[in-house]
Each structure stands twice: as structure tokens, then as C-alpha cells.
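Reading through the C-alpha cells given below for one structure.
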Amino acid sequence: MQVMAGKPVAELIRQRLRREIEELQERGIVPSLHAILVGNDPASGVYVRAKAKACQELGLSAETHHLPADTAPEVLSELIAALNRNPQVDGILLQLPLPPHLPTARFLSEIAPEKDVDGFHPENVGLLWQGRPRFVPCTPAGIMELLRFYGVELSGKRAVVVGRSDIVGKPMAALLLAANATVTIAHSKTADLPAVCREAEVLVVAAGKPALVGAAHVRPGAVVVDVGVNRVEDRAMVARLFPGDQDRQGELSKKGYTLVGDVAYSEVVEKASAITPVPGGVGPLTIAQLLANTLRAARLRRG
Ligand code: GUN
């Protein structure tokens, strides 16, 4: 059984990027990422701060534009337009979710496609599905790096993706397909989810439901990637999922929650041949890929 930690993979990506950053810096170019955060969702705040910190650690410039939750649509549009026009801005990231009065699809479409480091603009989504990607969404791109690092073969394999979000599920399916896997996308309306998941030699779970996938969903020897990051406050649930894990119980007491994946780790670990932990699996790769996409944006526009 292989525990697929994300850190060594993220470190390898960072090493690659450091060389590229030095080359750009020698030409006087400091790639820049501008993140837009609307409102006060605590998890979004944590993510945006982590992204900015990662940029700065690597010598990229990072700026966060924090707008109030009741921001008018025109104000957000004007900010995006200003960043689109500004030649000093390489990457633009609109942190999701947006408050309900701001239609996500509209604003994602307003970001200049050549600065869209999340790869969420319709043009970039289309390019990905055509097999000529410009910006690959960070989490699925990171998972592909992880699978490559741990030597997971994909060609000809049965892959099941649980979750059909625009951020993870759909682009993940596109990438697995491009790698010649036979891909099924399962979701909340899928009939007999355990049976569909048991088909999978590679199972990627991105449903946003704590411990949705248990031993009954897993084919013996499957490779399991857990994309879920769920804040769980229920002490009994945590005790059931992580029996005897004193560190987690301690964290729960201190913070009021602990992070739990979409996979019931302690039971699935018995059946899988490889599995990602939460935290410390996919998470570190998402940010490393964002740095990679920001560099790519700088190179695309500035040559
Ligand atoms: N919210 C959750 N994941 C993401 C992501 O990868 N990018 C953005 N912009 N928002 C998110």
C-alpha cells in the first residue's frame, strides 16, 4: 500500500519553476498573480492567503483584491477589466464561490483568456477538451502530476471521477481521457454509486461530501485520489473515521473542526493499492500548479 503524499511532488514542481523564474528575472520580468476575493468566506480567505504566500516564497509578485460581500456586479467587472488591461498583470484568479448575487459564469468569461490561470474561461475549457490545453485547472493538473510521480499507469485503465464540478470533476475527466483512460463521471444522481466506483482501477473523488466513499466503493488494488477538503465538527463522526487518532481529536477541540476527505480513509486504506491522505495529498499540488500556470501566463504574453 502506497500513501501518495503531495509534498514531494509539489517540491519537484517548485524546483522546476525556480529555474524558469530565474531566467525570467534575468530579463527583468517578475511574473505577477492578482487574486480577487469577494466577501468573507473563511475557507476562501485561507486559500487566497496561501496562494499569495506561495507566490512570494518563489519570487513571484502577488496581490489580493479584497472586495466586500455586497460588491455590485459593475464594480467587479471594472476591476477585472482594469487587470485585463494592465500589462504588469500576468495571472488573474477569481476565488470561488462568489456571493449568490454575482453570476460566476459571467465573471469567469470576463477574465482575459490569456491571463486565466485557473483555466475556467470558456475558451480555455474548450481548448482543454480539444486536447490542446492552454491553462489546465490547478487541482486536476496537480493530480496528473501526482499520478505520474507515483508511476500510476492510465492508458487503457478504467477511471471513475466522482463529482462533476467545473473546477475539478469535469477537467479531471478531460485529462484522464487525454491520457487514454476509459472515463466515467459519477455524481449525486448516479444510480448505485458503489457499483460504478467498484469498476474503477483509478478512482478520483471530488464530491465535497465527507467520507462519501467507503470500502464498498473500492475495487481491491484500486488507486484512490481523495480531493475532498471538508471541515467536520462532529466528534462521533471523526472518532468513527479515524479510530484512536488523538491528534485529530485534539485538533477538533482546538479549532472546532478537523479536515476530512471524501474518502473514509481508515477503511479504504485496507483495499486500495495507493491512496492520497487528507490533508497532505492533493492540497499541496493545487498551489504548485497555480504557480506553474502563472509562470506560463508570463511566458505566453511576454515571450
Ligand atoms: N475555489 C475552490 N477551488 C478553487 C480554485 O481552484 N480556484 C478558484 N479560483 N476558486 C476555487
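Among the candidates I13, I29, which residue alone is touching a helix residue (DSSP H, G or I) at 6+ places or on another chain (Cβ under 6 Å) and part of a loop (DSSP other than H, G, I, E, B)? Result: I29 is the single residue among I13, I29 that is touching a helix residue (DSSP H, G or I) at 6+ places or on another chain (Cβ under 6 Å) and part of a loop (DSSP other than H, G, I, E, B). Of the residues making up region 282-290, not a single one is touching a strand residue (DSSP E or B) at 6+ places or on another chain (Cβ under 7 Å) and either surrounded by fewer than 22 Cβ atoms within 10 Å (Cβ to Cβ) or more than 28 Å from V89 (Cα to Cα) (or both). Among the residues of region 146-169, the ones that are in contact (Cβ under 8 Å) with a residue 24 or more places away in the chain, surrounded by fewer than 20 Cβ atoms within 10 Å (Cβ to Cβ) and in a helix (DSSP H, G or I) come to 1 in all.
With the condition kept exactly as written, say whether any residue in region 31-40 is over 16 Å from L102 (Cβ atoms), polar (S, T, N, Q) and touching a residue at least 40 places away in the same chain (Cβ under 8 Å). Steps first, please.
The first filter runs over region 31-40 and keeps only residues over 16 Å from L102 (Cβ atoms), leaving 31-34.
Checking the rest, the ones that are also polar (S, T, N, Q) come to 32.
Filter once more, keeping what is touching a residue at least 40 places away in the same chain (Cβ under 8 Å): 32.
Yes, that holds for at least one residue.
Determine whether region 167-190 contains at least one residue that is of a type in the set (S, T, Y) and under 30 Å from I80 (Cα atoms). No, because not a single residue in region 167-190 is of a type in the set (S, T, Y) and under 30 Å from I80 (Cα atoms).
In region 1-24, the residues that are more than 16 Å from T139 (Cα to Cα) form Cβ pairs under 6 Å with partners that are surrounded by fewer than 16 Cβ atoms within 10 Å (Cβ to Cβ), at six or more places apart or across chains, as follows: I21/G59.
Among the residues of region 103-110, is there at least one that is away from the ligand (no atom under 16 Å from the Cβ), out of contact with any strand residue (DSSP E or B) (no Cβ under 6 Å at 6 or more places or on another chain), at pLDDT 95 or above and polar (S, T, N, Q)?
Taking region 103-110 as the starting set, the residues that turn out to be away from the ligand (no atom under 16 Å from the Cβ) are none.
No, there is no match, as no residue in region 103-110 is away from the ligand (no atom under 16 Å from the Cβ), out of contact with any strand residue (DSSP E or B) (no Cβ under 6 Å at 6 or more places or on another chain), at pLDDT 95 or above and polar (S, T, N, Q).
Working carefully through the options P133, P100, find the one that is over 22 Å from V204 (Cα atoms), more than 10 Å from the ligand (Cβ to nearest atom) and assigned to a loop (DSSP other than H, G, I, E, B). Within the list P133, P100, the selection yields P100.
Among the residues of region 222-263, the one identified as over 10 Å from P210 (Cβ atoms), outside any helix (DSSP H, G or I), hydrophobic (A, V, I, L, M, F, W, C) and without any contact (Cβ under 8 Å) to a residue 40 or more places away in the chain is F242.
Would you say V117 is closer than 26 Å to A141 by Cβ, within 13 Å of the ligand (Cβ to nearest atom) and out of contact with any Gly (no Cβ under 6 Å at 6 or more places or on another chain)?
Details: closer than 26 Å to A141 by Cβ: yes; within 13 Å of the ligand (Cβ to nearest atom): yes; out of contact with any Gly (no Cβ under 6 Å at 6 or more places or on another chain): no.
It is false that V117 is closer than 26 Å to A141 by Cβ, within 13 Å of the ligand (Cβ to nearest atom) and out of contact with any Gly (no Cβ under 6 Å at 6 or more places or on another chain).
Would it be correct to say that L93 is outside any helix (DSSP H, G or I), in contact (Cβ under 8 Å) with a residue 60 or more places away in the chain and within 15 Å of the ligand (Cβ to nearest atom)?
Working: outside any helix (DSSP H, G or I): yes; in contact (Cβ under 8 Å) with a residue 60 or more places away in the chain: yes; within 15 Å of the ligand (Cβ to nearest atom): yes.
When the stated conditions are applied, L93 passes them.
If only residues of region 103-130 that are surrounded by fewer than 21 Cβ atoms within 10 Å (Cβ to Cβ) and charged (D, E, K, R) are counted, the one that is nearest to A292 (Cα to Cα) is E114. So for region 188-203 (the condition being of a type in the set (V, I, T) and buried (at least 19 other Cβ atoms within 10 Å of the Cβ)), does at least one residue qualify? Checked against the condition, which is being of a type in the set (V, I, T) and buried (at least 19 other Cβ atoms within 10 Å of the Cβ), region 188-203 yields at least one hit.
Out of I167, I185, one residue alone is closer than 28 Å to A215 by Cβ and within 16 Å of the ligand (Cβ to nearest atom). It is I167. Does L83 qualify as being more than 10 Å from the ligand (Cβ to nearest atom) and touching a His at 6+ places or on another chain (Cβ under 6 Å)? In short, yes. Scanning region 3-23 turns up no residue that is within 14 Å of the ligand (Cβ to nearest atom) and not assigned by TED's automatic domain parsing to the domain that holds G208.
The values are calculated or read from the model by the stated rules, or taken from the named source; none is laboratory data. Since the model is a prediction, treat every value here as computed from it, not as a measurement. In this analysis, Cβ positions are derived from the backbone assuming ideal geometry, glycine residues included, and neighbour counts consider all displayed protein chains.
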